[in-house]
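K.L.:
I'd like to ask you about the structure that follows.
The values are calculated or read from the model by the stated rules, or taken from the named source; none is laboratory data. Fair warning: this is a prediction, and the values are worked out from it, not measured in the lab. Note that each Cβ is placed from the backbone with ideal geometry, even for glycine, and that neighbours are counted across all protein chains shown.
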Amino acid sequence: MCNLIFLCTFAAIFTTTDMENLFATSRELINRVSIAFVRDKHDEIDWNSRLVAILGSRGTGKTTMILQHIRLYDNTPQTLYVMADDFYFTTHRLVDLARQFMLQGGKHLYIDEIHKYHGWSTEIKNIYDMMPDLKVVYSGSSILDLEKGGADLSRRKVEYTLPGLSFREYLNISQGWNLPRYSLEDILAGSVDFPYDKARPLQLFTQYLREGYFPFFQEDNYAMRLNGIIKQVVEDDIPKFAEMEVASVQKLKKLLYVLAQSVPFKPNYAKLERDLEISRNTLPRYMLFLEKAGLIGVLREKASGIKLLEKIEKVYLHNPNEAYVLSDTTPDIGTIRETIFFAWLRVGHFISSSPVSDFEVDGLTFEIGGKNKTKKQLATLPINQGYVIKDDTEYVYQNSIPLWMFGFVY
């Protein structure tokens, strides 16, 4: 009996100490986060929902935005922020933490990088069903929307995806400006208002294409850090999610390398399967993992239903910054142009390949090129349905639009 009482008392003390440590870490992280710049996406999220999922590529700033929200609106003893890979979870379950937190008066539980927690979906479902007074926000890699065999959260959660920085957001952070967003219609009408008296857009745009898509661009060793993120996604995030063996991880890395040297690339599955020794059923899964994890962008032909998933026209790297890190040579400027246009316009718009040009967006056709690009390929299209997008011009002229202006679409 004495030993039993001692063990129970020790367990209670241990649990209390662990919770105190979690709260201390939470408060420290919240109080240290900068709120000098908060992304517009923050205001699009319904933070009052009982279950909010914030997904996106590693490095896009999900953690920062969550901590900013807590500091601005929820920094109270009723709020707890935890990392899903905290040592606490080596001996404790997520659902048990939520229950104990709720019993202590907790109202808001934020769980970061939940893809690192095995069996996360079932426990989140249990928290949602059993603790209706507890609001939960979790973040994770976009590969989570491929979750199979776990609990179905689609009817319970509201889900948001955080993209990398737009050119506008990059300017607002780096220059201290407050430039507004513009709709696609406004951009095509040439309504983007740039402070030409303070700077020239093309110089800043060139910097952004190389080192500006991720919020950590102001820190040292950007390329090294981005390379580390890519490596972590390929060697850790995807393999853990897909339960890959070591040999499969090596094939996944080789696939990404091959794609990086070949983009834009129309997949020849038979050749890739042969060269990489990957089975016919496995290769499409690897491509989907890379796409969902934010390492590649897949441009599909215009189609509907299940055919939309099958008709891949081209494969790009996810953003131009990756091209400078992964390519063995200086990336082709034509590829960079198409990559960033695709990266921006797939946020909030339906973008597909075009039978006569590079891209079709919401029924409009776009040809991407330099200042000498002509409208020849758009000659058969009705007026105001085809546009030439040029990367080295500053102003709109008729249906020729500077590429950098599309960086104001979000």
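Here's the yes/no breakdown for (1) touching a residue at least 60 places away in the same chain (Cβ under 8 Å); (2) under 19 Å from the mean Cα position of the chain (by Cα):
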| position | (1), (2) |
| --- | --- |
| 210 | yes, yes |
| 216 | yes, yes |
| 226 | yes, yes |
| 254 | no, no |
| 263 | yes, no |
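K.L.:
Residues 407, 370: which one is more than 17 Å from residue 213 (Cβ to Cβ) and either among the small types (Gly, Ala, Ser) or not assigned by TED's automatic domain parsing to the domain that holds residue 268 (or both)?
P.N.:
Unique residue meeting the criteria: 370.
K.L.:
Among the residues of the stretch 274-292, is there at least one that is in contact with a helix residue (DSSP H, G or I) (Cβ under 7 Å, 6 or more places away or on another chain), basic (Lys, Arg), over 22 Å from residue 345 (Cα atoms) and modelled with pLDDT under 95?
P.N.:
yes
K.L.:
For the stretch 363-410, which residues satisfy the criterion of being within 22 Å of residue 163 (Cα to Cα), out of contact with any strand residue (DSSP E or B) (no Cβ under 8 Å at 6 or more places or on another chain) and part of a loop (DSSP other than H, G, I, E, B)?
P.N.:
Selection gives 409, 410.
K.L.:
Is it true that some residue in the stretch 314-325 is closer than 23 Å to residue 336 by Cα, surrounded by fewer than 18 Cβ atoms within 10 Å (Cβ to Cβ), in contact (Cβ under 8 Å) with a residue 12 or more places away in the chain and among the charged types (D, E, K, R)?
P.N.:
No, the stretch 314-325 contains no residue that is closer than 23 Å to residue 336 by Cα, surrounded by fewer than 18 Cβ atoms within 10 Å (Cβ to Cβ), in contact (Cβ under 8 Å) with a residue 12 or more places away in the chain and among the charged types (D, E, K, R).
K.L.:
Between 294, 348, which is out of contact with any Asp or Glu (no Cβ under 6 Å at 6 or more places or on another chain), surrounded by fewer than 20 Cβ atoms within 10 Å (Cβ to Cβ) and assigned by TED's automatic domain parsing to the domain that holds residue 188?
P.N.:
Unique residue meeting the criteria: 348.
K.L.:
From the set of residues in the stretch 33-48 that are acidic (Asp, Glu) and in a loop (DSSP other than H, G, I, E, B), which is surrounded by the most Cβ atoms within 10 Å (Cβ to Cβ)? Can you show your working first?
P.N.:
From the stretch 33-48, those acidic (Asp, Glu) are 40, 43-44, 46; that's our starting set.
Cutting the leftovers down to in a loop (DSSP other than H, G, I, E, B) gives us 40, 46.
Numbers: 40: 13, 46: 8.
The selected residue is 40.
K.L.:
Can you name the residue in the stretch 150-162 that is among the small types (Gly, Ala, Ser) and surrounded by 13 or more Cβ atoms within 10 Å (Cβ to Cβ) and is also modelled with the lowest pLDDT among such residues?
P.N.:
Of everything passing the filter in the stretch 150-162, 150 is modelled with the lowest pLDDT.
K.L.:
Here's a follow-up. Conditions: (1) assigned by TED's automatic domain parsing to the domain that holds residue 129; (2) out of contact with any helix residue (DSSP H, G or I) (no Cβ under 6 Å at 6 or more places or on another chain); (3) touching a residue at least 12 places away in the same chain (Cβ under 8 Å); (4) not charged (D, E, K, R). Residue 154 meets all but one. Number of the miss?
P.N.:
Among (1) assigned by TED's automatic domain parsing to the domain that holds residue 129; (2) out of contact with any helix residue (DSSP H, G or I) (no Cβ under 6 Å at 6 or more places or on another chain); (3) touching a residue at least 12 places away in the same chain (Cβ under 8 Å); (4) not charged (D, E, K, R), residue 154 violates only (3).
K.L.:
Tally the residues that are surrounded by 17 or more Cβ atoms within 10 Å (Cβ to Cβ) and within 13 Å of residue 334 (Cβ to Cβ), restricting the search to the stretch 369-383.
P.N.:
Number satisfying all stated conditions: 2.
K.L.:
Going through 174, 141 one at a time, which residue ends up being of a type outside the set (D, E, K, R) and in the same structural domain as residue 47 (by TED's automatic domain parsing)?
P.N.:
Answer to the selection: 141.
K.L.:
Go through 117, 138 for me and flag whichever is at pLDDT below 95 and closer than 20 Å to residue 23 by Cα.
P.N.:
Criteria check complete, one pass: 117.
K.L.:
I need the helices (runs of 4 or more DSSP H) fully contained in the stretch 56-136, keeping only those with at least 1 residues that are among the charged types (D, E, K, R) and out of contact with any Leu (no Cβ under 6 Å at 6 or more places or on another chain).
P.N.:
Per the criteria, 94-103, 120-130.
K.L.:
Any residue at all in the stretch 267-284 that's surrounded by 18 or more Cβ atoms within 10 Å (Cβ to Cβ), of a type in the set (A, V, I, L, M) and under 16 Å from the mean Cα position of the chain (by Cα)?
P.N.:
no
K.L.:
Just need a number here: residues in the stretch 326-343 that are surrounded by fewer than 17 Cβ atoms within 10 Å (Cβ to Cβ) and among the hydrophobic types (A, V, I, L, M, F, W, C).
P.N.:
Final tally of qualifying residues: 1.
K.L.:
I'm trying to understand the selection: among the residues of the stretch 163-208, which are in contact with a Ser or Thr (Cβ under 9 Å, 6 or more places away or on another chain), in a helix (DSSP H, G or I) and either surrounded by 14 or more Cβ atoms within 10 Å (Cβ to Cβ) or of a type in the set (Val, Ile, Thr) (or both)?
P.N.:
202, 204, 208
K.L.:
Let me ask something else. I'd like to verify a number: residues in the stretch 33-60 that are in contact (Cβ under 8 Å) with a residue 40 or more places away in the chain and within 30 Å of residue 96 (Cβ to Cβ), how many?
P.N.:
Looking only at that region, the number is 13.
K.L.:
Would you mind stating whether residue 221 is at positive phi and either touching a Cys at 6+ places or on another chain (Cβ under 8 Å) or surrounded by fewer than 14 Cβ atoms within 10 Å (Cβ to Cβ) (or both)?
P.N.:
Here the answer is yes, as residue 221 does meet what is asked.
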